[in-house]
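This report concerns only the one structure given below.
The values are calculated or read from the model by the stated rules, or taken from the named source; none is laboratory data. All figures in this text were calculated on a predicted structure; none of them were measured in a lab. Positions of Cβ are generated from backbone atoms using ideal geometry, with glycine treated the same way; all protein chains shown enter the neighbour counts.
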Amino acid sequence: MDGQPTAEVIEQLRDIPLYRESLAQGYFPVLDKPEIARGFPENWMTPRLAAALAAGEAEYVLSTGTNHARMQLIRPPYFLLHSYYRLWREHPDISGTWESGCRRVSLTTVLATEHVARINAARSGVPPQAVPALEDRWLDDRTCYLNLRLDPALWERDEVVRMLQEIETARRAHPRGEYHLDCSGYHLAHLVRKVGEEGLWDEFPPPASIIHAYEYTPVNVRRFLRQHFDCPLIDLFGSTELGYLYYSDRRGAYWPHLDDMSVELHPVAPGSTIFELIVSSVRNPYMPLIRYRSGDCVRTQDGTPDPSGITQFCGRQKELLHTPHGPVAQGDLDRCIGEATARVFLHQLRLAGPAEARLAYTTFDGAPLDTTESAALEHAVGELTGRHCRLEHRAHLPIGPSGKYAWLAGAA
């Protein structure tokens, strides 16, 4: 019925002002972020929510703002963490590392580290430290955060040594000397490169399981990590406001984790096989989102809008590149690069006018692509984008202010 909520879900929405018009009309349109923010928090306030806020069972938070404008939310405390822990506990490939009590060390954006430090400072009633110590970076008794720098490409030897020592501290707390590594794929790849450059492999204890869950992980980064770690590498997909929706197995296939949720796929343009994700969720009882446009794009196994057939989370709707052949997503360019060469690490497509593009890139070994690889990649990217493409090898591509990399720069 075009994604409309069930009678059971509707009963959970009756008191929420935001949904009054939809309830009266008997039809729920797609919900966009501006509608969620308009009139906040009164548009969500119910007697139940007011009581939960007063009792500390619900709290105001901000979304991270790394993929869209920061959005105010109301949710149970540790909503996202509990979603992560549940998935880790139930995952068929890594549930053993949960059950055995592995500590989780998180290597991701410095914004995430700073967030944890602020939470702990507020609990203690003291100002957060400019450089938080390890004890200030434990989110709970199971999870600590490592990164203290915006751009991981600029980590220096003493920072790498500190992070390896903190990993070792977490590892030693386990009876079998195991730990769970939670990361951005990019950040872990940077750490691996730095460890190799500095001759520190003997100081890097291998993790028992790895989850990358913070942003799109490119094909070549996945390859690179698999070459260095002999343990399950699991991809999670989710968001601050929804929790986690899908997970990969150790072979790379995606599986739904949609308790209290349903998903629709809508083509981003007529005839396109790129779909945007529309999610209905009552997992957060204080802010149920019905037919919510998450802004995320996917591709499916057979090009049909079947949520059970998702094979790739391919980027953000607002970052699609419009070409003569139709929209192109981050994952499409990534696949194109990965098929041409395994050596490219970071890349950014920079648009120049209506028909030109430059692909700035770094490599894992620091050396530029050879003439044959360059020509093949320029041709492939040109075919994909409908633009004349020129490669630019760089020693360094800076990270964005959110601690994430932009794949596309310049106006389409």
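General observations
- The numbered conditions (1) assigned to a loop (DSSP other than H, G, I, E, B); (2) touching a strand residue (DSSP E or B) at 6+ places or on another chain (Cβ under 9 Å) are all true for THR362 except (1).
- Residue satisfying condition, being in contact with a strand residue (DSSP E or B) (Cβ under 8 Å, 6 or more places away or on another chain) and within 29 Å of VAL9 (Cβ to Cβ), within set LEU349, LEU277: LEU277
- Filter pass, ALA367 being under 23 Å from the mean Cα position of the chain (by Cα), surrounded by fewer than 19 Cβ atoms within 10 Å (Cβ to Cβ) and within 27 Å of LEU188 (Cβ to Cβ): no
- ASP235 being surrounded by fewer than 18 Cβ atoms within 10 Å (Cβ to Cβ) and either assigned by TED's automatic domain parsing to the domain that holds CYS183 or of a type in the set (Asp, Glu) (or both): no
- Against the criterion of being closer than 30 Å to TYR60 by Cα and crowded, with 22+ Cβ neighbours inside 10 Å, LEU277 qualifies.
- Residue tally, condition assigned to a helix (DSSP H, G or I) and exposed (fewer than 15 other Cβ atoms within 10 Å of the Cβ), over the stretch 170-188: 1
- Which listed residue is at pLDDT 95 or above and either buried (at least 16 other Cβ atoms within 10 Å of the Cβ) or in the same structural domain as VAL116 (by TED's automatic domain parsing) (or both), from THR64, THR46: THR46
- Qualifying residue in the stretch 258-269 (condition: in a strand (DSSP E or B), under 17 Å from the mean Cα position of the chain (by Cα) and under 30 Å from CYS389 (Cα atoms)): no
- Residues of the stretch 212-257 classified as in a helix (DSSP H, G or I) and in contact (Cβ under 8 Å) with a residue 12 or more places away in the chain, total: 8
- Any hit, the stretch 381-394, residues being under 24 Å from the mean Cα position of the chain (by Cα), on the phi < 0 side of the Ramachandran plot and not assigned by TED's automatic domain parsing to the domain that holds LEU111: no
- Hits in the stretch 339-361 - residues which are out of contact with any helix residue (DSSP H, G or I) (no Cβ under 8 Å at 6 or more places or on another chain) and in contact (Cβ under 8 Å) with a residue 60 or more places away in the chain: GLN348, ARG350, LEU351
- Residue within the stretch 302-325 that is closer than 29 Å to ARG75 by Cα, outside the structural domain of TRP88 (by TED's automatic domain parsing), among the aromatic types (Phe, Trp, Tyr) and out of contact with any Asp or Glu (no Cβ under 8 Å at 6 or more places or on another chain) present: no
- Residue count for the stretch 1-43, restricted to those that are free of Cβ contacts under 8 Å to residues at least 40 places away in the same chain and either in a helix (DSSP H, G or I) or over 31 Å from the mean Cα position of the chain (by Cα) (or both): 20.
- In the stretch 307-330, residue surrounded by the most Cβ atoms within 10 Å (Cβ to Cβ) [restricted to those that are modelled with pLDDT of 95 or more and part of a loop (DSSP other than H, G, I, E, B)]: ALA329
- Residues of the stretch 365-387 that are assigned to a loop (DSSP other than H, G, I, E, B) and closer than 27 Å to PRO324 by Cα: GLY386, ARG387.
- Any helices (runs of 4 or more DSSP H) falling wholly within the stretch 67-169 and containing at least 2 residues that are surrounded by 16 or more Cβ atoms within 10 Å (Cβ to Cβ), free of Cβ contacts under 8 Å to residues at least 40 places away in the same chain and not hydrophobic (A, V, I, L, M, F, W, C): 110-124
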